[in-house]
Each structure stands twice: as C-alpha cells, then as structure tokens.
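Before any comments, here is the structure.
Laboratory data are not the source of any read-out in this text; all were calculated from the coordinates shown. Quick caveat, the model's predicted, so the values are computed rather than measured. Note that each Cβ is placed from the backbone with ideal geometry, even for glycine, and that neighbours are counted across all protein chains shown.
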Amino acid sequence: MTQTHLKTQNSPPPIQLFITGGTLDKQYQETTGELIFPNTHLPIMLQEANSTLAIETVVLMQKDSLDITDADREKICQACIDTPQQTIVITHGTDTMVNTALALSKHQALKHKTIVLTGAMRPFMLGHSDASFNLGSAFMAVQLAQPGVYIAMNGQLFCAHKVQKNRQLGLFTET
C-alpha cells in the first residue's frame, strides 16, 4: 500500500512512513478475544489529525515486535536504504523497537538520513491510546532532528544508543 497525503507546490519532499505493525496497529477480534492485524490504522490516524504533511506510506509487514526476526529487520533496513526520502518514520512494536533502531544505526548507507521509530503501549483502536500522540511526535521530530536514528515515545526523542523500554514504568527512558 502506497499512499501520499497532501503535497503542495513548494513543499519539502515527502516523509517516508514505513509500517511494521506493533501494538499501535492491533485490533481486538471480538470472536476470539485476540489482538490481530486486520490492516493498518495509520490512514485513519493521519486523517483524524488533519495532517497536511506529504507522507508516502508503505506497509512492510504487520507483526508483533516479538515476532520480528533478523530477516525482518534487514527488510526494514533495506527499505530505508532504498527510499529516496531523507526523512523516515517507522511504526514498530515497543518490545523490540530498540533492537531495530540499533540495527538501523549500524548501516553506513543510512548515516545521512533521519529515521524516527515510534509505537504505542495500547492499540489505537482500543481508545485511550498513546498512539496518536507518539505518531505526531515522531513526525515533528523527523523534520527537526539531525540525521541519525531515534525513538519518539512519551513526548520525548531518544537516540537509538541511549534508550530502553522500562517495563515497570511502561515508558521509554534514557540509558
């Protein structure tokens, strides 16, 4: 799925949005009680936010981050290398988001790009979620940060090498 949102004549190049799944995109399956990935909720989130950014959206996968493999991480890295865009936002599950951020930071070919990963602790579709706030923070951060790999969560921007998920607090914290 590729989708471009509003682009005006003198606007900056689009932001690349890669979707990989994670809690942000999960939805409650009423018949089984499971959380599943029927399809991404990012277009709805962007529409609700009245986003005027030029965004190119590509779904790379729809997985729980605990199921993301090294091969999946390489697919994410390759997609970031292959896109001509210099600003990239990646939605990702929070459990292994740091692992993917560290994998991205090792690629020399990505040193000149600004990449921001984000996700949610609670699914967007369940309400009372941090998903929209984190997504908005990531889009703002990718436009303002210097080239590098970052994680945007809880209203903060963390360098890939200086962040951890604090499971006791349910937050990301600096290491």
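To the nearest 0.05, what FRET efficiency results for ARG122 and GLU74 with a Förster distance of 30 Å applied to their C-beta separation?
Details: r = 29 Å, r/R0 = 0.97.
Approximately 0.55, to the nearest 0.05.
Which value, in Å to one decimal place, does the Kirkwood hydrodynamic radius take for the chain when every pair of different Cα atoms is included?
Numbers: mean 1/r = 0.0623 Å⁻¹.
The answer is 16.0 Å.
Peptides 86-99, 140-153: what's the order by average Cβ count within 10 Å, highest mean first?
Descending packing order for the listed peptides: 86-99, 140-153.
Calculate the FRET efficiency for GLU174 and ALA109 from the Cβ-Cβ distance with a Förster distance of 35 Å, rounded to the nearest 0.05.
Once rounded, the FRET efficiency stands at 0.85.
How do LYS165, LYS111 rank when sorted from fewest to most other Cβ atoms within 10 Å of their own Cβ?
Final ranking by Cβ density, sparse to dense: LYS111, LYS165.
Separation between the VAL58 and MET140 pseudo-spin-labels, each 7 Å from Cα along Cα→Cβ, expressed in nm?
The two pseudo-label positions are separated by 2.8 nm.
What does the helix-only formula give at 222 nm for the chain: each DSSP H stretch with n ≥ 4 adding -39500 (n - 2.57), the total divided by the residues, and the result rounded to the nearest 500 deg cm²/dmol?
Helices in the chain give a 222 nm mean residue ellipticity of -7500 deg cm²/dmol.
If we count other beta carbons within 10 Å of each Cβ, what is the order of ASP130, ASP67, fewest first?
Listed from fewest to most nearby Cβ atoms, that is ASP67, ASP130.
How would you rank LYS113, LYS106, going from fewest to most other Cβ atoms within 10 Å of each one's own Cβ?
Lowest to highest Cβ neighbour count: LYS106, LYS113.
Report, for the chain, the % of DSSP beta bridges that are antiparallel, rounded to 5.
Here the share of antiparallel DSSP bridges comes out near 40 percent.
If you restrict to DSSP beta bridges whose two residues both lie in segment 75-173, what percentage is antiparallel, to the nearest 5?
45 percent
About the Cα centre, and with charges only on the beta carbon of Lys, Arg (+1) and Asp, Glu (-1), how big is the dipole of segment 34-123? Nearest 20 debye, please.
Roughly 340 debye for segment 34-123.
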